[in-house]
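Let me begin by presenting the structure, written as C-alpha cells, before commenting on it.
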Amino acid sequence: MNQVDLAVLGADWLSTRTGAALDVVDTHTAGNPTRIVVGGLVPPDGVREVADVRAWLRSSADWVRRRLVHEPRGGGLTCAVVPVPSTGPDHDLGAVILEPGSYPPMCGHCMIGLAVAVDETGLVPGTVTGNRRELAIRTPAGVVRTAVTRAGGKASVVELTNVDAWFVDGWRQELGGRQVRVDLSWGGDHYAAVDAAELGVALRPESALDIVGLARELARSLADRPPRDPVTGEVLEVYQVLFYERLDTADGPACRVVVVAPPGEIDRSPCGTGTSALLALRLARGEIGAEDVLVTRSIIDSRFEARAGRSRHGDGRLVVTPVVTGSAHVTGFSRVVADPFDVLRDGFAPI
C-alpha cells in the first residue's frame with residue numbers, strides 16, 4: 001500500500017459529509033487517558049466563562065462529551081478537556097472536564113495532561129522561566145496551578161498545586177459482608193475512602209472484579225443515603241470510591257491507591273484529586289506530618305507524589321493545599337469525526 005497523507009484523506013472524506021469534526025491532542029497521565037480539544041468547537045456568543053461553557057455543554061452540546069469519551073471512540077476511563085480562553089487576571093486559561101458520567105469539578109490527571117500538551121505544543125504561553133513553564137488554570141472547582149519542568153534527555157515533570165482539600169467525616173458501615181470504616185474527604189471532588197486491609201482485598205489487577213464490585217456496593221449506599229457535611233450541613237453527592245493500602249516505609253509514607261469511577265472503571269493513575277483527598281485524610285488523622293511527602297502508587301504501579309503546600313485550620317477542620325507531582329505524555333494527534341449515517345455517531349455509555 002502506498003503512503004497516505006492523512007490530512008488530505010480526512011479532508012476528502014469530510015467534504016462528502018456534514019457534521020462536526022473535533023481536533024484533539026491525546027495524552028496519558030500515569031496510564032490514564034485524556035483528550036484535549038484544540039479545534040472544531042466554538043461556543044455561542046456570550047458563552048465565555050468556565051461555568052457558562054460547562055453549562056452550555058451540559059444543556060445544549062452534550063454530544064461533545066459523548067462523542068469524545070463514550071464508546072466506540074473512548075471508554076470508561078477516557079476523559080476530555082475543553083480549554084476555555086482566559087478571561088481573568090488570575091489564570092492563563094480555563095478548563096471544562098468531561099468524563100463518561102459527568103462534568104466533574106476537577107480532575108488531577110487531566111490537568112497534568114493539559115499542562116504537558118500546552119508545554120509541548122504552545123497552545124497558550126503561560127510563564128516560562130528557563131526550562132520551567134507555569135500555567136494557571138481555572139476549573140469549576142477553582143484555580144489550580146501547574147509547573148512543567150524539562151530536563152535534557154528526560155521526561156518532563158509536572159507539579160500540580162490543587163484546590164484546597166480537607167477531611168469531611170467518617171463512619172462505620174457494612175461493606176462486602178464486613179464492618180468497615182468509611183472516610184469522606186474532598187480533594188477537588190468527594191471521595192469515600194476505605195482501607196483495603198479491612199476488606200481483605202489486595203489492590204492488584206487480579207482482584208479488579210472484586211474491587212469494582214465493592215466500589216459499586218459502596219456507591220449505591222451513598223446514593224441511597226447521601227452524607228451531609230457536618231460543618232455546612234450540605235447534602236453531598238459522592239460517586240467516587242477510593243480504596244487504599246498502606247505501604248509506609250522508613251523512607252516515608254506511601255499508599256497504593258485505587259479509585260473506581262462510575263460506571264465501575266479503575267483509574268490506571270494514582271488519581272490526582274483522590275491522592276489530594278487521601279493526603280488530607282492522613283494529615284487530619286495525624287498519621288503523617290506536615291512536611292512529609294506521600295507517595296501514591298496505582299494498580300499498575302504508576303506513581304504520584306503529594307505534599308502539603310500549606311495547611312491551616314478553618315471552620316473546625318484542617319484545610320490543606322496539596323501539591324501533586326507526576327508526569328504525562330502525548331500519545332496522538334487526531335480528528336474525531338462522525339458519519340451522519342451512523343446511528344451510534346455520538347457514542348454510547350461504557351458498560
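The values are calculated or read from the model by the stated rules, or taken from the named source; none is laboratory data. These figures come from a predicted structure and were not determined experimentally. Neighbour counts are summed over all protein chains in view; Cβ atoms, including those assigned to glycine, are modelled from backbone coordinates with ideal geometry. All accessible areas refer to the heavy atoms of the entire protein, side chains included, with ligands and DNA or RNA removed. Shrake-Rupley method; radii C 1.70, N 1.55, O 1.52, S 1.80 Å.
Convex hull of alpha carbon positions in the chain: directionally averaged projected area 20.7 nm².
Students often check this: by mean Cβ neighbours within 10 Å, which of 95-103, 174-182, 196-204, 142-150 ranks highest, and how do the rest follow?
Values: 95-103: 21.8, 174-182: 14.1, 196-204: 16.4, 142-150: 19.3.
Taking the mean over residues of other Cβ atoms within 10 Å, the ranking is 95-103, 142-150, 196-204, 174-182.
How much length, in nm to one decimal, is gained on full extension between ALA11 and ALA202, taken as 0.36 nm per residue of separation minus their Cα-Cα distance?
On the way: separation 191, 0.36 × 191 = 68.76 nm, distance 4.96 nm.
Here the answer is 63.8 nm.
If you model region 156-298 as an ellipsoid using its alpha carbon gyration tensor, with each semi-axis the square root of five times an eigenvalue, the axes come out at 22, 19, 15 Å, biggest first.
Which whole-number value in Å² is the accessible area per residue of region 145-297, probe 1.4 Å? Please report the intermediate quantities before stating the final value.
Working: 6530 Å² over 153 residues.
With all protein chains present, region 145-297 gives 43 Å² per residue.
Each Lys and Arg contributes +1 and each Asp and Glu -1, all at the Cβ; summed about the Cα centre of region 1-154, the dipole is approximately 280 debye. Left without a cysteine partner by the 4.7 Å Cβ rule in the chain: CYS79, CYS255, CYS271. The amide H of GLN240, built 1.01 Å from its N in the peptide plane, has ALA192 as neighbours under 5 Å, considering only residues 5 or more places off or on other chains. Here's how it looks for LEU175: its modeled amide H is under 5 Å from those of VAL180, which are all 5 or more places away or on a different chain.
Each peptide among 345-351, 157-163, 304-310 gets the average number of other Cβ atoms lying within 10 Å of its residues, and from highest to lowest they stand as 157-163, 304-310, 345-351.
Summing +1 for each Lys or Arg and -1 for each Asp or Glu, what net charge is found among the other residues whose Cβ lies under 13 Å from the Cβ of TRP63?
On the way: positive: ARG58, ARG65, ARG66, ARG67, ARG73, ARG345; negative: ASP62, ASP342, ASP346.
Around TRP63, the charge tally is +3.
For Cα pairs less than 8 Å apart in space and 6+ apart in sequence, what is the mean separation divided by the residue count of region 1-116, i.e. the relative contact order in percent? Show your work: numbers first, answer last.
On the way: 153 pairs, mean separation 26.9, N = 116.
Relative contact order comes out at 23 percent.
Helical runs (DSSP H, four residues minimum) scored at -39500 (n - 2.57) apiece and divided by the length of the chain put the mean residue ellipticity at 222 nm at -7000 deg cm²/dmol. Rounded to the nearest 0.05, the FRET efficiency derived from the C-beta distance between VAL143 and VAL4 at R0 = 41 Å is 0.40. Specify the inter-centroid distance of region 216-239 and region 1-19, based on alpha-carbon positions, in whole Å. With region 216-239 and region 1-19 each reduced to a Cα centre, they are spaced 49 Å.
Computed from the C-beta positions of LEU209 and VAL235, the FRET efficiency with R₀ = 35 Å rounds to 0.65.
Given a Förster distance of 45 Å, report the FRET efficiency between ALA290 and ILE351 from their Cβ-Cβ distance, rounded to the nearest 0.05.
Working: r = 44 Å, r/R0 = 0.97.
Calculated transfer efficiency: 0.55.
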